[in-house]
Amino acid sequence: MATLSMFYGIIVSMYYRDNRQYKLPHIHVEYQGESAIFTIPDGELLEGKIKKPQIRLVQAWITLHTDELMANLALAVDGKNIYKIEPLK
């Protein structure tokens, strides 16, 4: 697992070679002990639970960085190093 970004207490990660359980492109999010999985590029909550304000922040971040997320996903599926993505400000 590699951390892509951190903002407002939210940690966004992507797992290497993580394309078996979920066939959809996705990211993993943690916030105050809760975790969730969001699809890329639409930001749909696929699994898990976090607070609604943080859901909206993650969805906004996904919208801003869809191209970077998809490029990182392609690298991660191949087991290659991924790049950090700028946090929300």
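When you check Gln32 against the structure, is it at positive phi, more than 11 Å from the chain's Cα centre (by Cα) and without any contact (Cβ under 8 Å) to a residue 60 or more places away in the chain, yes or no? Full working, then the answer.
Values: at positive phi: yes; more than 11 Å from the chain's Cα centre (by Cα): yes; without any contact (Cβ under 8 Å) to a residue 60 or more places away in the chain: yes.
In short, yes.
Return the residue satisfying two criteria in turn: it lies in segment 66-84 and is in contact with a strand residue (DSSP E or B) (Cβ under 8 Å, 6 or more places away or on another chain) and under 13 Å from Pro41 (Cβ atoms), and of such residues it is most open to solvent (accessible area, probe 1.4 Å).
Leu73
Results for (1) closer than 15 Å to Thr3 by Cα; (2) more than 12 Å from the chain's Cα centre (by Cα); (3) part of a helix (DSSP H, G or I), shown as yes or no for each residue.
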position: Ser13; (1), (2), (3): yes, no, no
position: Asp42; (1), (2), (3): no, no, no
position: Val58; (1), (2), (3): yes, no, yes
position: Trp61; (1), (2), (3): yes, no, yes
position: Asp67; (1), (2), (3): no, yes, yes
position: Ala74; (1), (2), (3): no, yes, yes
position: Lys80; (1), (2), (3): yes, yes, no
position: Ile85; (1), (2), (3): yes, no, no
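Check off (1) of a type in the set (A, V, I, L, M, F, W, C); (2) farther than 16 Å from Gly9 by Cβ; (3) in a loop (DSSP other than H, G, I, E, B) for Ile50 and give me the number that stays unchecked.
For Ile50, the exception is condition (2).
The values are calculated or read from the model by the stated rules, or taken from the named source; none is laboratory data. Being a predicted model, the structure only gives us computed values, none of them experimental. All Cβ positions, even for glycine, are placed from backbone atoms using ideal geometry, and neighbour counts span all protein chains on display. Only protein heavy atoms, including side chains, enter the accessible area calculation; ligands, DNA and RNA are left aside. Shrake-Rupley method; radii C 1.70, N 1.55, O 1.52, S 1.80 Å.
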